[in-house]
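Any read-out appearing in this document is the output of simple, stated calculations on the displayed coordinates, not a laboratory observation. Computed from a predicted model, the values in this text were never measured in an experiment. Here Cβ is always computed from backbone atoms with ideal geometry, including for glycine, and neighbour counts include all displayed protein chains.
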There are 4 protein chains.
Amino acid sequence: MTDLRIAVVGAGQMGADHINRITERIVGASVSVVVEPDAARGAAAAALAPGAVALSSFAEALERGDIDAVLVATPGQFHETVLLPALAAGLPILCEKPLTQDPVSSLRVLEAEQAGGKKLIQVGFMRRFDREYMQLRELIENGNAGALLAMHCAHRNPTTGEGYTDSMLITDSVVHEIDVVRYLTDSPIVAVEVKRPKRNSLAPSWLNDPILVLLETESGILVDVEMNVNIQFGYQVKTEAVFEKGVAEIGRTAGLTRWQDGRIFGEEHTTFKTRFADAYDAQIQRWVNATKRGEIDGPSAWDGYLVAASCEAGVKAQQTGEREEVVYVPRPAFYN
Amino acid sequence: MTDLRIAVVGAGQMGADHINRITERIVGASVSVVVEPDAARGAAAAALAPGAVALSSFAEALERGDIDAVLVATPGQFHETVLLPALAAGLPILCEKPLTQDPVSSLRVLEAEQAGGKKLIQVGFMRRFDREYMQLRELIENGNAGALLAMHCAHRNPTTGEGYTDSMLITDSVVHEIDVVRYLTDSPIVAVEVKRPKRNSLAPSWLNDPILVLLETESGILVDVEMNVNIQFGYQVKTEAVFEKGVAEIGRTAGLTRWQDGRIFGEEHTTFKTRFADAYDAQIQRWVNATKRGEIDGPSAWDGYLVAASCEAGVKAQQTGEREEVVYVPRPAFYN
Amino acid sequence: MTDLRIAVVGAGQMGADHINRITERIVGASVSVVVEPDAARGAAAAALAPGAVALSSFAEALERGDIDAVLVATPGQFHETVLLPALAAGLPILCEKPLTQDPVSSLRVLEAEQAGGKKLIQVGFMRRFDREYMQLRELIENGNAGALLAMHCAHRNPTTGEGYTDSMLITDSVVHEIDVVRYLTDSPIVAVEVKRPKRNSLAPSWLNDPILVLLETESGILVDVEMNVNIQFGYQVKTEAVFEKGVAEIGRTAGLTRWQDGRIFGEEHTTFKTRFADAYDAQIQRWVNATKRGEIDGPSAWDGYLVAASCEAGVKAQQTGEREEVVYVPRPAFYN
Amino acid sequence: MTDLRIAVVGAGQMGADHINRITERIVGASVSVVVEPDAARGAAAAALAPGAVALSSFAEALERGDIDAVLVATPGQFHETVLLPALAAGLPILCEKPLTQDPVSSLRVLEAEQAGGKKLIQVGFMRRFDREYMQLRELIENGNAGALLAMHCAHRNPTTGEGYTDSMLITDSVVHEIDVVRYLTDSPIVAVEVKRPKRNSLAPSWLNDPILVLLETESGILVDVEMNVNIQFGYQVKTEAVFEKGVAEIGRTAGLTRWQDGRIFGEEHTTFKTRFADAYDAQIQRWVNATKRGEIDGPSAWDGYLVAASCEAGVKAQQTGEREEVVYVPRPAFYN
């Protein structure tokens, strides 16, 4: 079987990682085109994939006719301008999260996809491909611990850079929990509320960090998320799920345990890249395999839209301090 | 040094446990009197302590003149009627939690204590004597992980009996977290809010169980407490403390680890009696030792009053679904 | 770059697993030929790899001229008869462990490889590609815990089948520890001793199971291996390394933790296939990548020979109950 | 009930710890006499116990007639000279380990005890009173994991002082495992062998440290003990018990877990005093309680004799490098 020829659009750090991944670890696919306006960066990224060419615009890539699928890794504000022509060309797409940055533009993307008559978009919520999240989902589905009642999530990051703003606590970080809560509970989020613990003095002055976000699902499950992006010690994503007959926890670090200097210890992750390395690989492999079968086998554009709607409510809740309901259109039959 | 002669008032399960404890594990104290209106129960309890007599009223006990201190283990609604004459008699008191069942009666007790000119009451918040809570407090105080920002608590119980009501989720159960939050943060709780996860179908029909309680301290620390009293699997009390530079957790079960039947496992507690057995012992020993020195070395009546005020706000928050502020009088200089 | 075309020789369970792996998870390689005397089994295995043909003899495969490399997955007694013609044809080889079943035949293989003037054989000791073993080796090499002094290993299997004999405790099972001890310590094993704990009454009647095997390295490190193949509960491979300043442990199960039914527990592996799934993948990917560069990047035929020599001493020690020295020829310069 | 009046003989560190313990944490006992030839040390120790007097000889103590029991905490070489007159006086005795330093003198003590017609001696093997050892023993006895087959023990100490010699690895350190193996397996040790891992360069030059000691019980259980007294990182005592259907482990540190500086960690013990603090308390309380009932409820002089016989074989094995059988007299009916 011939390799799926992928155009990677956006050659920043995430795009370059994906090019590497596809080239070195993904079976049945290769990068044929890298689209990147910064020519030097585009050339460097293309050099990672034998046979790939660097182009400055996605239109050029579409004209060549030698791409089978598109991986969108640009900054979020440019997603729509890549997604619409890719959909028009009937190309399968893996779109890094978010689908777009607000529900209105996400809806436009949904309409364009529906107009084509075939689901083409998978959104890059890679946690769904993490082994422990899959184990937890299985436990929820098989009911062995009774019904799920609540979840406690913690999402911790060592530090943030210059460009990280208050609303990105929701749109860049909690966004992962927002998707995964729906994935795990199989129920949409209907309301969001944001509470403030004491501020971390080590966070940049412009950030109200950490926050405690409360998510309610339509099915009545209450989820609290500690979002904490300047906690210094490492990168950690934990979830504790509370069932009727017990509790389950994912996210403890594994690996070598060491006794030294009066302590027993293990190493913690310091970046999402190592924590979710396997999930990123699994996500792309599953996307490649499904694409070759002409299918979608991951979070859809509809999932992406719901997340955008929840994020909108979340950012509003961050500002008002009140419980904000999530507003979203009914699910089109196309997405059932 | 002669033994401290203790009158134990109330010979229910808690009272009997304390009699046993004092007799078998506490140095420098003995039970001289058991006060219990149910004569058969009183006689059985007194039989646990060599030399103890069973009486039907506390007044009788005071008349005998052979008691040095009082341990109050009656149901909460009778605490005040024991505390006031004991204070009038100038006797040191260990009062099982709660001090009294509402802030108004607690204030009366405070006034009576102040009238005597000497602190005499310790309230039975035994968690303050648990080794892990003490370790956590030390970490908060020494600042080695930076300032404390937030805490996540879980308080889980296998099942509840007939008499357990919705408000007891706050007054009987969260009451422990309410005290321990102040102990750990050294800051009073100023507001309480109660959220509802999905209801546990295994809980009695009249209970909205579990709940998620949000506690705010004056110092800005936000604490969420999962209070969950019908979770079947066991008794568990966990706290995760979020600092500026890291996280600390207490409450994992220790002891023998076993690999069998495709699993790695350890035993969980099923009752607070085993979980906090050492803390109960340490509490009484510290009280006995301090009493002999003429001091108080544990949570005071003021701590008991603040807890009563927080519980009142908590029960109200349970009913309104709103954030309720805790109302309390200024701290009298007597309690500094 | 074109795919490495691999002939898989032997289509039993191990061979079929490798065919699957190469087809679905390994980048840059595909199975072109399956060699298997049992025609039905060969056809079934070839069907797993698009484009692969099934042949009944390795000679046929060599004649076709369309294979770039050979993966030997036959029973051990047939290894030599595949290895010698493959070497003669100058083909790179991944040979499942053992290299051959005794040191004398292994030496013949070494001579054939040397005659060709180029190292072509990698032996399938997959543990060297397990993440935790690699972490442990790094700790040994960087000296952060001081020099390595001793190791305690446990290798546990749920049950054994009809064909599993006493000597296979050494040649099939301890064989992995024998290689990994040299990998970790970078020093050959010079003596073996076998001790008998109490016999497991659940083991087949003909087996003296478990055994405790003592391995001494030339560098003075003492390793005890509990080899235990009918322990029922699961599949577990643990190593505790004792250093001058501390201890390190690998092999604890990770993943979802669950509190239920009065226990805290996690799932254990029940087979090496799940425990070492990632290591098997990594092994083949590394072999494919190195082969394409014309290199060997894993345990060599010399490693395989040393293991055969140690196993011979081990089986003898099992019979005599004495400490048996490992006899081996000096290392040819070719293998430096 | 009046307090048991105890004479503590020997006021070194161990004796002073026991005086403190009896005074502050043990119910129903007090120290009436401290016997110590060093007058200043004796006075200091006696000052720890209200009402205790310091004497320079045990004979004086016996003459006073105000002691009910004796706790022997002198160096081991002086045990016999205290034990014999204490037995002659019919006094109950808690004798710190070892009973005496060799089997011949231990036998003399056994004969003296038998001559008195009543068991009076408990030997201070405090591990039998540690909660985890008791849990392990229960698992062995109830057979829930099948029969016990083997054990792996590790006994690690940070550093040793000037006076610590090679044979003390056995007589001072492994001595604990020697007793506990019999306690757990309920079968005497019949042979000892000592193996040498690589020497720790951080150990004093005169020590061959660590050693691996193999103990065989009459019932066929094989126990390996890593004895390691200069491992720097902390004090650790672990046992892994191998059963027919599973494995059990004791000795992991519990308490507060912390995530900081890229690690997840807990504190390790650095001394036996904290690791076995509860066991020391439980040992003395059990001895006091049993003594008041006129009974022995702990390891007897016979246990002490068997340990002395095993240590003798152990020291010999350390010198010969061979398997040495343990030689001991048949058990007198008196000790059944």
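Let me have the relative contact order for chain C, percent, based on Cα pairs under 8 Å that are six or more residues apart.
Relative contact order comes out at 19 percent.
Taking every DSSP beta bridge with both residues inside the stretch A:138-285, roughly what % is antiparallel (nearest 5)?
Taking every DSSP beta bridge with both residues in the stretch A:138-285, the antiparallel ones total about 75 percent.
When a/c is below 1.5 the answer is rounded, else prolate if a/b is larger than b/c, else oblate, so apply that to the protein assembly as shown with a ≥ b ≥ c taken from the square roots of the Cα gyration tensor eigenvalues.
The shape class here is oblate.
Which residue in B is nearest the B/C rotation axis when you measure from the C-beta atom, and what is the distance in Å?
B:F265, 2
What 222 nm value per residue comes from the helices of chain B, counting each DSSP H run with n ≥ 4 as -39,500 (n - 2.57) and dividing by all residues, nearest 500 deg cm²/dmol?
Calculated mean residue ellipticity at 222 nm is -10500 deg cm²/dmol.
On a 0 to 90 degree scale, rounded to 10, what angle separates helix C:277-292 from the longest Cα axis of chain C?
40 degrees
Charges on Cβ only, +1 for Lys and Arg, -1 for Asp and Glu, centred on the Cα centroid of the stretch A:1-150; of A:A147, A:G65, A:P50, which one is farthest towards the dipole's positive end?
Comparing the listed Cα positions along the dipole, A:A147 ranks first.
How would you classify the stretch D:208-294 from its alpha-carbon gyration tensor, with a ≥ b ≥ c the square roots of the eigenvalues: rounded for a/c under 1.5, else prolate if a/b is greater than b/c, otherwise oblate?
Because a/c hits 1.5 or more and a/b fails to exceed b/c, the stretch D:208-294 counts as oblate.
Place a +1 charge on the Cβ of each Lys and Arg in the stretch B:194-258 and a -1 charge on the Cβ of each Asp and Glu, then give the dipole magnitude about the Cα centre in debye, rounded to the nearest 20.
Computed about the Cα centre, the dipole is about 400 debye.
For B:228-238, what's the mean count of beta carbons from other chains sitting within 10 Å of each residue's beta carbon?
The shielding value for this peptide is 5.
Have a look at the DSSP beta bridges in chain A and tell me what percent are antiparallel, nearest 5.
55 percent
Gaussian network model of chain B, Cα springs within a sub-10 Å range: biggest mean-square fluctuation belongs to which of B:G28, B:G42, B:G51?
Largest GNM mean-square fluctuation: B:G51.
Taking C:G255 in one copy and the same position in all the others, each labelled 7 Å out along Cα→Cβ, what are the pairwise distances from the first, in nm, shortest first?
2.0, 2.6, 3.3
Averaged over B:316-328, how many beta carbons belonging to a partner chain fall within 10 Å of each residue's beta carbon?
0
For the stretch C:115-132 and the stretch D:80-140, compute the distance between their C-alpha centroids and round to whole Å.
58 Å
Can you tell me what the convex hull of the Cα atoms of the stretch A:101-197 projects to on average, as an area in nm²?
Dividing the Cα hull surface by four gives the mean projection, 9.0 nm².
Positive end of the charge dipole of the stretch B:179-336 (Lys, Arg +1 and Asp, Glu -1 on Cβ, about the Cα centre): tell me which of B:S310, B:I284, B:F233 has its Cα farthest that way.
Projecting each Cα onto the dipole axis, the largest value belongs to B:F233.
Please average, across the residues of A:191-197, the number of beta carbons from any other chain that are within 10 Å of each residue's own beta carbon, and give a whole number.
4
Report the antiparallel proportion of the DSSP beta bridges in the protein assembly as shown as a percent, rounded to a multiple of 5.
60 percent
Going out from 0 in 20 Å bins, what whole percent of all Cα-Cα distances in chain A drops into each bin?
30, 58, 12, 0
For A:E138, go 7 angstrom from Cα along the Cα-to-Cβ vector, then report the distances to that same point in the other copies in nm, smallest first.
Result for A:E138, in nm, nearest copy first: 2.8, 3.2, 4.1.
Give the Rg (one decimal place) followed by the Dmax (whole number) of the stretch D:57-111, computed from C-alpha coordinates and expressed in Å.
Taking only Cα atoms of the stretch D:57-111, I get Rg and Dmax of 10.9, 32 Å.
Would you list, by chain and number, the aspartates and glutamates whose Cα falls below 15 Å from the Cα of C:K118, excluding same-chain residues fewer than 8 positions away?
C:E295, C:D297
Residues of the stretch B:90-128 with backbone nitrogen within less than 11 Å of a virtual label 7 Å along the Cα-to-Cβ line of B:F334, please, listed as ranges.
Counting backbone N atoms under 11 Å from the label point, the list is B:107-121.
Would you mind checking A:K238/A:K273; A:K245/B:K316; A:K97/A:K195; A:K119/A:K292; C:K195/C:K245 for any pair whose Cα atoms are more than 21 angstrom apart?
Violating the 21 Å limit, Cα to Cα: A:K245/B:K316; A:K97/A:K195; C:K195/C:K245.
Rank by packing, highest mean first: peptides B:130-138, A:113-121, with packing defined as the count of other Cβ atoms within 10 Å averaged across residues.
Peptide ranking by packing, descending: B:130-138, A:113-121.
Roughly how many debye, to the nearest 20, is the charge dipole of the stretch A:216-336 about its Cα centre, given +1 on each Lys and Arg Cβ, -1 on each Asp and Glu Cβ, and no other charges?
480 debye
Taking other Cβ within 10 Å of each residue's Cβ, how do A:H176, B:H269, A:H79 sort, fewest first?
Ascending Cβ contact count within 10 Å gives the list B:H269, A:H176, A:H79.
Quickly rank A:223-232, B:322-331 as a protection proxy: mean count of other C-beta atoms within 10 Å, highest first.
By packing density, highest mean first, the sequence is A:223-232, B:322-331.
So which trypsin sites (Lys or Arg not before Pro) in the stretch D:264-322 end up in coil per DSSP with only 14 or fewer other C-beta atoms within 10 Å?
Sparse-neighbourhood loop trypsin sites (Lys or Arg not before Pro): D:R293.
Using only the Cα atoms, work out Rg/Rh for the stretch B:34-79, with Rh taken as the Kirkwood radius, to two decimals.
0.94
Which chymotrypsin sites (Phe, Trp or Tyr not before Pro) in the stretch C:195-244 pass both tests, a DSSP loop state and at most 16 other beta-carbon atoms within 10 Å?
C:W206
With r defined as the distance between the Cβ atoms of D:T165 and C:F78 and R0 fixed at 51 Å, what FRET efficiency is calculated, to the nearest 0.05?
Once the sixth-power term is evaluated, E becomes 0.35.
Note the direction-averaged projected area, equal to a quarter of the hull surface, for the Cα convex hull of the stretch A:1-138, in nm².
9.2 nm²
Only four residue types carry charge here, +1 at the Cβ of Lys and Arg and -1 at the Cβ of Asp and Glu. Report the dipole size of chain D about the Cα centre in Debye, rounded to the nearest 20.
480 debye
Run the label-point distances for A:Q114 please: 7 Å along Cα to Cβ, every other copy, nanometres, shortest first.
6.8, 7.5, 9.7
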